[in-house]
Each structure stands twice: as C-alpha cells, then as structure tokens.
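Student: First the structure, then my questions, so here it is.
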Amino acid sequence: MQKINNKKDLLSFFGDEIGQENFDNVLYGEEKEQYKKFVINKATGKPRTLHAVPPKLKHIQRIALDKLQSVKQYQPSSYAHGFVLKRSIITNAIPHRRKKRIIKMDLKDFFPSIHEDRVRDMFMGKPFSFGKEAATIMAHLSCLNDGSGILPQGGVLSPYVANMLCLKLDKKLAKVAIKNHCNFTRYADDITFSTNDVSEDSISNLIKETSNIIESEGFVVNTEKTKVLTPNRRQVVTGIIVNDGVNVNRRYIRNLRAAIKNCEEQGIGSQMQRFVFKDHRCSGPDKFDGTNGEIRNYFLHHLFGKITFFGNVVLSNNQDLKNKKNSDTYRRVQTYEEILYRFYDLIKNVKTSRRFKKSVVAAVNNRPNLSKRLSFAQQGVSIRGKALKKYRSTYKAKKLKDDLELVTNINQLRSFIGDVAETNPSFFNTAIPVDLDEAKEKLGTRLSFPPVNLDIATGVLQSLVEDEGLKKIVHAKDKNEVFTVKDCYRILREYYDPVFYYLPEVLRNEFESWKGALTKILQKHGESYNIDVMHDPMIADATNKLKINTRFGGGPDSSDLLKHIKKLASEIEVESGRVDFPQKLRATIYTHTPSIVDSVSKALESMLKHTAATDTIFIDLIKGDKDIELRVFNKSKEPIDDELLNDRGFAHGKISSVIRLTNGLCKYWIEATVDNGKRKIIDMHNGSEINTQEMSGLKCGFAHRFIFKK
Amino acid sequence: MTGNKLKILLIDNNNMRLRDSTSLMQCCGDFCINPKLTVSQNDYESSSYDVVFAHYGNKEVRDYIADDDWNSNGAIVVIFSGSLSKDKQVDDYGTWWVSASYLEKKENICAIFQEVFEK
C-alpha cells in the first residue's frame with residue numbers, strides 16, 4: 001500500500017469518482033453545506049441528537065468509507081461488533097452465553113467525545129500512517145463543520161472512525177480479559193465482559209482496571225451504567241438475552257404473536273396504530289390511516305423486520321442444528337417458524353409489492369420444515385427467485401449494472417450495447433429509445449436477467465426423455481403406478497424452476513402453457529389426484545404440444561423435420577427446382593421446433609432474395625459424434641466482403657431475427673468465401689471467428705449452419 | 001420366411017418388461033427371440049433380424065436406431081415407448097411406433113406379428 005501523504009494521494013486513493021474541484025467545493029468552497037441537526041428519542045425515552053449529512057458530502061464520505069474498508073490493514077479489531085460487516089448485536093452477544101457473570105460498561109458521550117484533532121492523530125498513526133495533510137483532510141471530512149469539530153452521530157464515516165480510534169483500547173481491554181479469564185466484546189460504546197469466575201474481588205479489579213484503560217485512551221466511563229449481571233436475573237447484552245443460548249425477550253415474542261393474531265381476526269388495519277406507531281423510535285409515516293396502502297405496506301415491512309430479527313437471533317450460531325434435542329432452545333426455532341408461517345399466510349392474499357412477498361416466501365422456503373407447506377406455485381416461484389438472486393450477485397451481473405450506470409450519453413450506450421451483444425445475442429441490433437434515462441432503465445431491467453444458455457436449454461429438453469429428469473411429465477405411467485399432481489410439481493421444481501431464467505422465452509412459454517393445464521387439474525382435483533398426462537383430457541393436448549414443439553424426430557408425437565422442409569420449400573420456392581433437399585432428413589434434435597422452422601424459413605427467404613435466380617439452394621442434415629448440423633447453403637462463386645462478414649454487417653432484418661430466434665436453441669454459424677478466396681466461419685451469436693477445423697467441407701458458396709447438441 | 005423361424009431382436013433396458021414381452025411373443029408363434037437389455041452397433045448390424053422391437057427409452061435406440069443411423073439390414077423396426085399417444089403408427093420411413101401399453105397384451109403383439117407376416 002502506497003503511503004498517503006497529501007490531498008493528491010488521497011484523491012487518487014478514492015479513485016476517479018471524486019474530482020479535485022468537486023472535492024474542494026463540497027468540503028471547503030461554494031457547495032459546502034451544514035449538517036442537518038435533529039433529535040429522536042432513545043429507547044429509554046431520552047432525547048438523542050443526530051446529524052444528517054448533506055447529500056454531496058455524504059456521497060464523498062461513502063466513497064471514502066468503501067475505500068478504507070476495502071484495505072485489509074484498515075480493519076477494526078475483532079472485538080468490535082458495531083457497524084462492522086458481517087457482525088451485529090447478535091454476534092456481540094454470542095460469546096457471553098450461559099456465563100455466571102456478565103459485566104457491562106458504557107462509554108459516556110461516545111461520538112461527541114471524539115474531536116477532529118483526535119481523528120487527525122488517528123489517521124497519522126498506525127495502521128494508516130497518513131501524512132499530516134491527508135490526515136487533516138480525513139478529519140475534516142469525518143467531523144462536524146459547524147465549529148464544534150466533533151464526530152457526528154449519523155455521519156457515514158463516524159462508526160468506522162470511532163471503531164478505528166478504539167483499536168488500541170480494544171487491544172488493551174482484550175489483554176485484561178485474557179488475564180482475568182473473561183470474554184470481551186465492544187459494540188460502539190457498549191463494553192461487555194463475561195466470565196464464570198464469581199469472585200467479587202476479581203470482578204471489582206476487572207472494572208477498576210478497565211476504567212483506568214478507558215480513561216487513559218481519552219474516553220469517560222458512564223459509571224451509572226456499569227452493571228454486573230448474574231444468571232438468576234435476565235442477562236441482556238445489546239438487547240439479546242444470553243442466559244440460555246441467545247434469545248429475544250418474552251414480551252417481544254408475545255407482542256409479535258398478538259399483532260399477528262389480531263391481524264388475522266380483525267384485519268391488518270386494526271393493528272397498525274397499536275403496533276408500529278406505539279414505538280416512539282419509529283421513523284415511519286405519522287398517519288394512522290389503516291386503509292392507506294402505503295402505510296399498510298410500511299406496517300407489514302416493519303412487522304416482517306421484527307420477525308426476521310427474531311429469526312436471526314434464534315437461528316444464530318446454528319442453534320437450530322446444534323440443539324435439536326435441547327427442547328428449550330429448539331422450541332424458540334419452532335416459535336419463529338410458527339410466527340413466520342402465520343405471517344406468510346396473512347399476507348399471501350394481501351395487495352402488497354411482489355418483491356416483498358418474494359422475500360417472505362424466500363424466508364419461509366429457507367426453513368425446511370416450512371417450505372413443504374408452501375403452495376406448489378409459490379415454491380417454484382421461490383426457487384426461480386433464488387436462482388435469479390444468485391445470478392444477480394455474480395461479479396459479471398454486478399459489473400454490467402455498474403458499467404451501465406457510468407453511461408452518460410446515447411453514443412456510449414450504443415457502444416455498451418454492442419459490447420453486451422458479443423456475449424448475449426438477444427441484444428444484437430437492439431433498438432434504443434431516444435431518451436437516455438428511459439433507454440438505461442429498459443436496458444437495466446433486461447440486464448438484470450441472465451443470458452439464455454444453450455447447454456442448459458438442451459439439458460432440460462433432453463431430460464424430457466430421461467428417467468432422472470422431466471420424462472414423467474410427458475410419459476405414460478407404469479402399470480399400477482400412482483403419479484400425482486404433486487409429483488408433477490416436484491419434478492418441475494427439481495429440473496425446470498432452478499433454470500427457468502436460463503431458458504429461451506419460447507421454451508419457457510411451452511412449459512408454462514403445459515403448467516397452465518396442470519394448474520387447472522390442481523384446482524379441480526387437488527394435489528393428490530392420480531394424473532395421466534398422456535390421456536387425461538384436461539392435459540393430454542398440452543402434453544402432446546410440449547413434445548411436438550420441443551423435438552424433431554422421436555416418432556409420430558414429435559416434429560418431422562422433413563415434412564416441415566417440404567412445406568417450406570413448397571411455400572417459399574419461387575421457381576421450381578430451386579430448393580434441393582434429401583428425402584431422408586431424420587435426426588432426433590432437442591430444441592424449440594417452431595423457432596427452428598421459422599429460422600430455416602428466414603434463411604431460405606434471405607438466400608432466395610440474394611442469390612441468382614438460377615442458383616439452387618440446398619438443405620442438408622449432417623450428423624457428427626457430438627452434434628447434428630442442419631445446413632442451408634448455395635454453391636455461389638461470389639465472395640463476400642471480409643469486413644462485412646466479420647462485423648455481421650449484413651445481418652439485418654431476416655438474419656437478425658434468425659440470430660435472436662436461435663439464441664439458446666442451437667449454434668448459428670455462417671460460412672462463406674471472403675475476398676481473398678479463403679473460407680471463413682463467423683459465429684452469428686457473438687461475432688467471433690470459428691476455428692478452420694470446423695469448416696463444412698464446402699469449397700464455395702454461402703452456408704447457414706444450425707448446429708444442435710446431440 | 002416360410003420354413004425358417006422368424007428372427008426377432010428385442011431391446012429393452014427394463015428387465016422385467018423384457019422378460020414379460022419375450023414370454024408374450026413366444027405365445028404368438030415359434031420365433032427365435034433374442035432379448036437384450038442393450039445392444040451395440042456391431043451386434044445390431046452383424047446379425048440379420050427380421051423384426052427389431054426396440055424401447056425408445058434405451059439411449060442407443062433414441063440416438064441411432066430410431067433415426068436409422070445403424071443399418072437394420074432390412075429388418076422391420078418397431079419402436080415402442082410410453083410417450084406415444086396412439087397405439088400404433090407407421091412413419092414415412094417405414095418405422096413402426098407402438099405405445100408401450102399396447103404391447104402389454106398378447107393379442108396386440110400377435111396382431112403386430114400378423115401385419116409383419118403380411119408385409
């Protein structure tokens with residue numbers, strides 16, 4: 001890590017996002033704004049002063065915080081649990097479970113006791129070792145600009161700065177803890193020790209030693225709040241009860257249960273005022289109108305937040321897995337599951353956002369005991385949601401989103417789409433709305449879904465004939481076999497829902513259409529209905545359609561490629577004898593048959609239009625060990641412009657449609673002779689040149705090559 | 001064919017059904033039946049059968065026999081599958097497609113043999 005001495009080094013450390021002019025203006029110049037001061041009530045009812053950071057300064061503070069937190073050496077101590085990633089009030093409480101003595105101490109006026117000069121000294125010291133200029137700027141950036149120079153409560157950098165300022169304090173207190181056989185944690189200004197040593201002398205020595213260290217580090221102990229807790233009374237650490245494992249207090253659970261019960265019996269509106277707005281720390285809307293949808297949503301979010309917190313506490317440290325036999329601890333998990341499911345039941349028919357419902361369903365689905373109880377449809381939706389969430393958390397997805405954010409004009413957007421189209425053919429020749437914001441929003445939505453995947457799509461379709469796959473949903477049952485509607489959904493959940501977003505839309509539509517028929521059977525006969533997917537009049541046609549539209553070959557219940565080609569030739573042929581194909585076009589191909597027929601039709605039309613009226617167009621099927629190729633080609637001696645082929649510049653109208661139609665269903669290559677007389681193949685889905693080993697063997701002519709996995 | 005026993009190859013990866021179908025076929029006449037759970041290209045092409053009954057669920061049937069990629073040496077190929085909606089159909093290439101449930105009855109198998117004899 002290069003040493004940061006001055007403003008230039010600091011700005012370079014922050015990256016390109018903050019220009020020097022902007023930085024100076026916001027911190028010292030024209031755009032300098034004051035923090036907005038406001039007061040809220042503490043849990044005890046006493047007032048707490050907060051400072052809201054002005055937006056531009058907040059932006060800079062955020063960047064600074066991200067950069068500082070990303071440096072390995074600049075991390076708070078492992079004893080600090082407040083405002084540290086992946087730590088919380090729960091992780092702060094866990095080390096103090098089931099201890100004979102808990103000693104709690106509090107630092108007086110934690111944030112206000114930290115001044116700009118202390119912050120500057122901290123940045124000059126280890127681990128930062130910033131130069132004086134850079135440290136002064138950091139202090140100025142972190143502290144109030146109203147002359148008081150204190151660390152504001154509410155500042156983006158404040159918790160981090162406070163934690164880093166306590167590095168030395170934490171180390172010293174940890175040493176004391178080790179010496180006295182104690183556990184030690186700190187959550188902001190709350191210091192907690194716990195021990196099984198009940199000797200009063202030891203405890204009073206610990207408190208004395210700790211107080212001395214705290215004062216030597218420039219903080220003041222709030223002696224009124226120093227407490228020693230014994231197991232015969234409630235031991236609460238950062239709001240979590242630690243007497244027996246970790247738990248929330250009984251009143252918390254009682255209130256949650258009561259709120260849900262009243263919602264079930266009297267409607268949601270009846271509870272809003274009583275439950276949420278009784279909380280004097282609540283920062284939500286201050287209206288009590290139970291019919292207002294926005295406030296109802298707020299209330300439901302609030303209630304769900306409380307349930308989630310309860311879950312986080314009782315499930316922390318894998319309590320559910322470790323303590324199945326310990327009825328007391330496991331009963332808490334069961335209580336959480338019961339409350340969560342009742343909440344899910346409560347909101348499933350309430351008008352609220354889809355995203356919110358999805359998060360509730362996801363929480364239910366995370367509990368194995370509950371997921372079985374979810375309705376079939378919701379289980380599938382939840383599985384799809386999980387897969388989508390997983391994709392969205394990938395580096396690739398995040399980078400695309402970030403790159404789109406950086407686009408500031410239409411030209412940049414065009415270039416961005418061009419780059420995206422190289423890996424995602426669905427963006428090829430995408431029309432862009434004139435308004436940049438609208439265009440970015442539309443693109444952002446499309447980019448938040450994964451690109452379709454040929455291997456996955458082929459795998460799903462091939463699984464329609466495999467025992468370990470989707471076969472059962474299109475296959476007759478064995479004699480005396482019971483195969484229920486529930487079984488159908490189970491199979492779909494296993495083989496279809498997890499990959500839903502990776503399938504081309506046309507394929508999804510085929511499956512969804514079949515599922516529509518299945519849903520009707522579910523509604524009419526229930527989940528245990530013994531279904532015959534081949535002959536039940538409510539679903540037989542849908543089953544047959546699914547088979548016909550997803551494979552060529554494989555007998556009378558699938559698409560016949562030869563028949564389609566014959567039909568196309570008779571429909572398209574302008575002059576007799578211009579389309580030539582063998583009388584045997586027989587292969588089993590898993591794809592979306594209407595899209596492929598459409599693609600071949602478009603390729604044929606395009607070739608008929610662009611070749612001499614006397615030229616014949618050939619269609620052939622070539623079988624390899626791993627793939628099957630459907631080829632539409634001519635034997636023209638005319639070369640094609642090399643650059644035009646490279647850029648896919650000729651791909652307008654019909655060919656452009658073929659690119660999109662075949663995306664995720666087969667490879668689509670074009671092979672042609674270029675200006676220098678050599679043969680060349682371009683992958684039309686990404687514009688890349690294909691290795692010469694893949695040459696068709698044709699000596700001349702233009703060939704559309706559709707390649708399917710065997 | 002007269003004077004010689006009809007040579008039949010039966011391919012089915014379902015062992016129980018293979019046994020049942022063999023017994024049922026034997027009830028229809030004095031045939032030389034070769035029941036196999038699976039077949040290789042060499043086995044398939046080197047012996048000349050009159051009729052091949054092949055289960056579509058077998059990979060080699062799906063990938064090669066149904067598409068006529070392996071040489072059947074003029075044998076009549078009857079593909080049977082549980083995914084067929086109709087009892088019996090013959091496609092443009094002369095391959096028979098029969099639903100698996102149709103083949104579970106002796107009279108149906110015998111009827112198929114009758115049609116094959118007529119051919």
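The values are calculated or read from the model by the stated rules, or taken from the named source; none is laboratory data. These figures come from a predicted structure and were not determined experimentally. Don't worry about glycine lacking a Cβ; one is built from the backbone with ideal geometry, like all the others, and counts go over all protein chains shown. What goes into the accessible areas is simple: the full protein's heavy atoms, side chains included, and nothing from ligands, DNA or RNA. Shrake-Rupley method; radii C 1.70, N 1.55, O 1.52, S 1.80 Å.
Student: Would you check the accessible area of residue A:132, probe 1.4 Å, heavy atoms only, in square angstrom rounded to 10?
Tutor: We get 130 Å² for residue A:132.
Student: Under 5 Å between amide H atoms, partner at least 5 residues away or on a different chain: which partners does residue A:145 have, H built in plane at 1.01 Å?
Tutor: The list, which skips near neighbours in sequence, is A:35.
Student: Computed FRET efficiency, Cβ-Cβ of residue A:46 and residue A:405, R0 41 Å: what is it to the nearest 0.05?
Tutor: Computed FRET efficiency for residue A:46 and residue A:405 comes out at 0.45.
Student: State the answer as a single residue: which of A:659, A:585, A:632 lies farthest towards the positive end of the charge dipole of the range A:554-710, with beta carbon charges of +1 for Lys and Arg and -1 for Asp and Glu, about the Cα centre.
Tutor: Value: A:585.
Student: Can you give me the relative contact order of chain A as a percent, contacts being Cα pairs under 8 Å and 6 or more apart? Before the final figure, lay out the partial values.
Tutor: On the way: 1020 pairs, mean separation 58.5, N = 710.
Here the relative contact order equals 8 percent.
Student: OK, next. If eta is 0.692 mPa s and T is 37 °C, what Stokes-Einstein diffusion coefficient results for the range A:646-710, Kirkwood Rh from Cα pairs, in µm²/s? Display every interim value, and only then the final one.
Tutor: On the way: Rh = 12.2 Å.
The calculation lands on 268 µm²/s.
Student: What number comes out for accessible area per residue over chain A if the probe is 1.4 Å? Units Å², please.
Tutor: 50
Student: If you filter the range A:30-88 for trypsin sites (Lys or Arg not before Pro), then keep DSSP loop positions with at most 14 other Cβ within 10 Å, what is left?
Tutor: Taking the range A:30-88 and a limit of 14 other Cβ atoms within 10 Å, the loop trypsin sites (Lys or Arg not before Pro) found are A:32, A:42, A:86.
Student: May I ask for the net charge around residue A:173, where only other residues with Cβ less than 14 Å from the Cβ of residue A:173 are counted and Lys, Arg are +1 while Asp, Glu are -1? All intermediate terms of the calculation are to be shown ahead of the outcome.
Tutor: Numbers: positive: A:104, A:168, A:171, A:172, A:175, A:179, A:186, A:208; negative: A:106, A:170, A:189, A:190, A:209, A:215, A:217.
Net local charge, residue A:173 excluded: +1.
Student: For a quick check: with amide H placed at 1.01 Å from N, whose amide H comes under 5 Å from residue A:531's, ignoring anything fewer than 5 positions away on the same chain?
Tutor: The list, which skips near neighbours in sequence, is A:483, A:484, A:485.
Student: Something else about it: Calculated FRET efficiency, residue A:100 and residue A:249, Cβ-Cβ r, R0 22 Å, to nearest 0.05?
Tutor: Values: r = 21 Å, r/R0 = 0.94.
Once rounded, the FRET efficiency stands at 0.60.
Student: Quick one: if you stick a label point 7 Å off each Cα along the C-beta vector at residue A:480 and residue A:168, how many nm between them?
Tutor: 8.3
Student: Only bridges with both residues in the range B:1-97 count here: give the DSSP antiparallel percent, nearest 5.
Tutor: 10
Student: Related question: Rank-order A:17-25, B:83-91 by packing density, defined as the average count of other C-beta atoms within 10 Å over each peptide's residues, highest first.
Tutor: Details: A:17-25: 13.7, B:83-91: 17.1.
The densest-packed peptide leads the list: B:83-91, A:17-25.
Student: Another one. Once you place label points 7 Å from the Cα toward the Cβ at residue A:435 and residue A:396, how far apart are they in nm?
Tutor: 3.2
Student: I would also like to ask the following. In the protein assembly as shown, how does Rg compare with the Kirkwood Rh, expressed as the Rg/Rh ratio over alpha carbon atoms?
Tutor: 1.09
Student: In addition: Any chance you could check the range B:36-71 for residues losing 50 Å² or more of accessible area when the partner protein chains are in, compared with the chain on its own (1.4 Å probe)?
Tutor: At a threshold of 50 Å² (probe 1.4 Å), the residues of the range B:36-71 that become less exposed are B:56, B:62, B:67.
Student: Could you tell me the center-to-center distance, by alpha carbons, between the range A:430-471 and the range A:145-186 in angstrom?
Tutor: 48
Student: At what distance in nm do the modelled label points of residue A:529 and residue B:91 sit from each other, each positioned 7 Å from its Cα along Cα→Cβ?
Tutor: In this crude spin-label approximation the distance works out to 3.2 nm.
Student: Once you average over the residues of B:82-93, how many Cβ atoms of partner chains fall within 10 Å of each Cβ?
Tutor: The per-residue average across the peptide is 6.
Student: Summarise the accessible area of the protein assembly as shown (1.4 Å probe, protein heavy atoms) by the percent that is carbon and sulfur.
Tutor: 48
Student: Okay, next question. Evaluate the charge dipole of chain A about its Cα centre and quote only its size in Debye, nearest 20, assuming +1 on the Cβ of each Lys and Arg and -1 on the Cβ of each Asp and Glu.
Tutor: Here chain A has a charge dipole of around 3280 debye.
Student: In addition: With a 1.4 Å probe on protein heavy atoms only, work out how much accessible surface A and B bury together, total over both chains, in Å² to the nearest 100.
Tutor: Buried area (both sides, nearest 100 Å²): 2000 Å².
Student: Show the residues, 5+ positions off or on another chain, whose built amide H is closer than 5 Å to the amide H of residue B:54.
Tutor: Distant-sequence amide H within range of residue B:54: B:11, B:78, B:79, B:80.
Student: Same structure, new question: Work out from phi, with θ = phi - 60° and the Karplus expression 6.51 cos²θ - 1.76 cosθ + 1.60, the ³J(HN,Hα) of each residue of the range A:240-254, listed in order in whole Hz, and give x for Gly and Pro.
Tutor: 9, 8, 10, 4, 9, x, 10, 7, 9, 7, 4, 5, 4, 5, 4
Student: Sticking with this one: For the range A:517-625, run through the GluC sites (Glu not before Pro) and keep only the ones in DSSP coil with at most 11 other Cβ atoms within 10 Å of their Cβ.
Tutor: Values: sites: A:527, A:571, A:573, A:575, A:605; in loops: A:527, A:573, A:575.
Here the sparse-neighbourhood loop sites are A:575.
Student: Still on this structure, please answer the following. Please report Rg (one decimal) and Dmax (integer) in Å for the Cα set of chain B.
Tutor: 12.9, 37
Student: What are the equivalent ellipsoid semi-axes of the range A:12-113, built from the alpha-carbon gyration tensor (square roots of five times its eigenvalues), in whole angstrom, biggest first?
Tutor: Taking √(5λ) for each eigenvalue gives 34, 22, 10 Å, largest first.
Student: Here is a follow-up. For chain B, how many pairs of lysine residues have a Cα-Cα distance under 21 Å, where the two are 8 or more positions apart or belong to different chains?
Tutor: Within chain B, the lysine pair count is 16.
Student: Each residue of the range A:456-464 in order: what ³J(HN,Hα) in whole Hz does its phi give by Karplus 6.51 cos²θ - 1.76 cosθ + 1.60, θ = phi - 60°, with x for Gly and Pro?
Tutor: 5, 4, 5, x, 4, 5, 5, 5, 5
Student: Report the relative contact order of the range A:555-651, percent, no decimals, based on alpha-carbon pairs under 8 angstrom and at least 6 residues apart.
Tutor: 24
Student: Further question: May I ask what percent, to the nearest 5, of DSSP beta bridges between residues of the protein assembly as shown are antiparallel?
Tutor: The antiparallel proportion sits near 70 percent.
Student: Taking only C-alpha pairs under 8 Å that are 6+ residues apart, what is the relative contact order of the range A:367-501 in percent?
Tutor: After rounding, I find 33 percent.
Student: If you take the beta carbon distance between residue A:540 and residue A:372 as r and set R0 to 35 Å, what does 1/(1 + (r/R0)^6) give as a FRET efficiency, to the nearest 0.05?
Tutor: After rounding, the FRET efficiency stands at 0.75.
Student: Quick check: net charge around residue A:485, other residues with Cβ under 15 Å of its Cβ, Lys/Arg +1 and Asp/Glu -1?
Tutor: Counting the neighbours of residue A:485, the net charge comes to +3.
Student: How do A:671, B:104 stack up against each other in accessible area, from largest to smallest, with a 1.4 angstrom probe?
Tutor: B:104, A:671
Student: Can you list the trypsin sites (Lys or Arg not before Pro) in the range A:603-674 that are in a DSSP coil and have 15 or fewer other beta carbons within 10 angstrom? List each step's numbers first, then the result.
Tutor: Numbers: sites: A:609, A:623, A:626, A:631, A:635, A:637, A:648, A:654, A:660, A:667; in loops: A:626, A:635, A:637, A:648.
Passing both the DSSP loop test and the Cβ count: A:626, A:635, A:637.
Student: Per residue of the range A:607-622, in order, report the coupling 6.51 cos²θ - 1.76 cosθ + 1.60 (Karplus, θ = phi - 60°) as ³J(HN,Hα) in whole Hz, putting x for Gly and Pro.
Tutor: Result, rounded to whole Hz: 5, 4, 6, 9, 10, 4, 4, 8, 6, 8, 10, 9, 10, 8, 10, 10.
Student: Take peptide B:104-115, look around each residue's Cβ out to 10 angstrom, count Cβ atoms belonging to other protein chains, and average those counts. Walk me through the numbers on the way to the answer.
Tutor: Details: counts 1, 0, 0, 0, 0, 0, 0, 0, 0, 0, 0, 0.
Mean partner-chain Cβ count within 10 Å for B:104-115: 0.
Student: Any idea which of A:431, A:457, A:691 is furthest toward the positive side of the dipole for chain A, if Lys and Arg beta-carbons carry +1 and Asp and Glu beta-carbons -1?
Tutor: A:457
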